[in-house]
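The values are calculated or read from the model by the stated rules, or taken from the named source; none is laboratory data. On a predicted model such as this, the values are computed, not experimentally measured, just so you know. Cβ coordinates were reconstructed from backbone atoms using ideal geometry, including for glycine residues, and neighbour counts include every protein chain displayed.
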Amino acid sequence: MTILKLLVRCAPDGLTAGLIGEQLELAAPTLSFHLKTLAQAGLVNAVQEGRFVRYRAELATINALIEFLTEDCCGGNSQLCAPMRKRS
């Protein structure tokens, strides 16, 4: 979750894997595993830039997921979900 939140904050430019690892103090194998999982889920995309890979949050997919998850939240009373969205 921390990786995705960082990439959302850095949207639309994204970050290279090295910068993500540095900022979050994650070991390369751990970071690689999580980035691969997020990419397979369609929540991030990876673009090769020379020797580096830049990861970007797929904001349209993330927004669609949020919409889907909150569509029937709180018995269809979406006003009750607004505070929950702000806390996230």
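Observations on the structure shown:
- If only residues of region 48-67 that are without any contact (Cβ under 8 Å) to a residue 24 or more places away in the chain and over 14 Å from the mean Cα position of the chain (by Cα) are counted, the one that is nearest to M1 (Cα to Cα) is E67.
- If the condition is being among the β-branched types (V, I, T) and farther than 26 Å from L15 by Cα, then region 58-77 contributes only T70.
- Of all residues in region 1-53, none satisfies the criterion of being in contact with a helix residue (DSSP H, G or I) (Cβ under 8 Å, 6 or more places away or on another chain) and basic (K, R).
- With a requirement of 3 or more residues that are on the phi < 0 side of the Ramachandran plot and either surrounded by 12 or more Cβ atoms within 10 Å (Cβ to Cβ) or modelled with pLDDT of 95 or more (or both), the helices (runs of 4 or more DSSP H) lying completely within the chain that satisfy it span 2-9, 17-24, 28-40, 59-70.
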